[in-house]
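> Below you'll find the structure I mean.
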Amino acid sequence: MTVLTFTLILICSAFLAGLLGSLTGLGGGVVVIPILTLCFHVDFHYAIGAALIASIATSSGSASAYVKEGITNIRLGMFLEIATTIGAVGGAFIALWMPTNTIAVIFGVVLVFTALMQQRRSADHTAVVGSDLARKLRLYGTYPIKEGGVKSYELTHVCGGFSIMLSAGVLSGLLGIGSGVLKVLAMDSAMKVPFKVSTTTSNFMIGVTAVASAVVYIQRGYIEPGIAFPIMVGVLTGALTGARLLKRLNVKVLRQIFACAIVLVAINMIYNGIAGKF
Amino acid sequence: MESIEQKKDMQLLIGTALRIGVMTACAIALASGIYYLICHGGEPMPDYTVFHGEPSSLTTIKGIFAGVLQFQAKNWIQVGVLVLMLTPIIRILLSLIDFARERDWLYVSITAIVFLVILSNSLAGA
């Protein structure tokens, strides 16, 4: 295969990854790693580097829209980024010595968990009584609602959310993914933040978290320009197209099909990891 | 209490900065990518199946910019990657300025911690 063919195929795959990532809300990184490792047999380290690039691009691209709408809780995001960036640095250093086969198995397990979490119904929290710590940290916020005007909310369990965020950071440093599912779990389930605020704030945080580990990866030579450029261009255009389509499409069925596909990919990853094929 | 107008302005600014950053990075990557394909498109695909690390010309700021001056396509792509990585960092700095303007010192410190974690990490790994 020539460089040109490889690049063109990779741009198309990255476009699909970005499109699916944004339609299903999983982010680009989750799809990029299986494509690179299982289809192209690219070394896992290069794949993680590419996934980080994809995560930064999609997160920053879509966060720009949400921030303007005023849904994102910037204070909450900033505060929890302390946990995710420290975690991400730790994760990146763990990835340096951990055998790739082990990383592949962990990635597979995270994929299964992600697919399961996607099936969960999101209940909106009503009348949450905020904790004192959350009040002191000024984490309460408001978000615009469809009927016009704003709705205010309180939140609780700051320490619990903070520790889940620490693990989310480790995973994202280790695997290059945004680990948005874990971030939403921390905010939605633990801290009782409204679902819409959780997802946009999580997305807002992914870019900064990914950068914290990307600075380690680029210096260790895990970011290969020949892979980074098709991934960056493909994933970003895919994600932007997805964001447009999302307004018109009903993605419920697509999400279920995608969840099944993810589980199959995950089984493949875990099997190959245990068999020592990476 | 900060005015809602002022808060809106900052959200707009952060949103715009993120979009400009990503678009610039993508444009640089695309242009240098095409240049890379013109120079190397016909060559057989490099062996990515085994990790061998990148040369220091692609992993340090000094190395990257030295290659940029010599019009090395891969180095130009890496500049795109750097701009992409700078985008969230600039977003942190904008928030820092915003919290300082609101005299919200608690959040100035929180934002500064996040910034320092990333900064120390970029210097320590070198």
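Read-outs: derived from the displayed coordinates by stated rules, not from any lab. Note that the structure is predicted; figures quoted are calculated from it, not measured. We place every Cβ from the backbone using ideal geometry, glycine too, and count neighbours over all the protein chains shown.
> By a straight-distance test (C-alpha under 30 Å), which lysines pair with residue A:192 as possible cross-link partners, with residues fewer than eight away in the same chain excluded?
A:68, A:136, A:146, A:151, A:183, A:247, A:252, B:7, B:8
> Order by neighbour count: A:132, B:98, fewest other Cβ atoms within 10 Å first, most last. Numbers along the way, then the final one.
Working: A:132 9, B:98 22.
With the sparsest Cβ surroundings first, the list reads A:132, B:98.
> Still on this structure, I have one more. For the protein assembly as shown, build the charge dipole from Cβ charges (+1 Lys, Arg; -1 Asp, Glu) around the Cα centre, then report which of A:152, A:27, A:46 sits farthest towards its positive end.
Looking along the dipole axis, the top candidate is A:152.
> Binning at 5 angstrom from zero up to the longest distance, how are the C-alpha pair distances of chain B distributed in percent?
Calculated P(r), rounded to whole percents: 2, 9, 14, 16, 17, 13, 10, 8, 6, 4, 2, 1, 0.
> Note down the magnitude of the dipole of the protein assembly as shown about its Cα centre, charges +1 on Lys and Arg C-beta and -1 on Asp and Glu C-beta and zero elsewhere, to the nearest 20 debye.
Details: 27 positive and 18 negative charges, 167 e Å.
Once rounded to the nearest 20, the dipole reads 800 debye.
> Now for a separate question. What list do you get for A:248, A:255, B:91 if you sort them by fewest beta carbons within 10 Å?
Numbers: A:248 6, A:255 17, B:91 25.
Arranged by neighbour count, lowest to highest, A:248, A:255, B:91 become A:248, A:255, B:91.
> Something else about it: With a length cut of 18 Å (Cα positions projected on each helix's long axis) and a Kyte-Doolittle mean of at least -1.0, go through chain B and give me the DSSP H helices that pass. Display every interim value, and only then the final one.
Working: long enough: B:4-40 (53 Å, 0.88); B:73-101 (42 Å, 1.32); B:105-124 (27 Å, 1.94).
Qualifying helices, which must be both long enough and hydrophobic enough, are B:4-40, B:73-101, B:105-124.
> Of A:100, B:123, A:250, which is farthest along the charge dipole of the protein assembly as shown in the positive direction, counting Lys and Arg as +1 and Asp and Glu as -1 at C-beta?
A:250
> List A:128, A:211 from most exposed to least, where exposure is judged by having the fewest other Cβ atoms within 10 Å. Intermediate values should be presented prior to the final figure.
On the way: A:128 16, A:211 27.
By the 10 Å Cβ count, ascending: A:128, A:211.
> Give the relative contact order (percent, whole number) for chain A; include only Cα pairs under 8 Å separated by 6+ residues.
Once normalised by length, the contact order is 38 percent.
> Taking only Cα atoms of chain A, what ratio of Rg to Rh do you get with Rh as the Kirkwood inverse-distance radius? Intermediate results must be reported in sequence, preceding the final value.
Numbers: Rg = 18.2 Å, Rh = 18.8 Å.
Rg divided by Rh gives 0.97.
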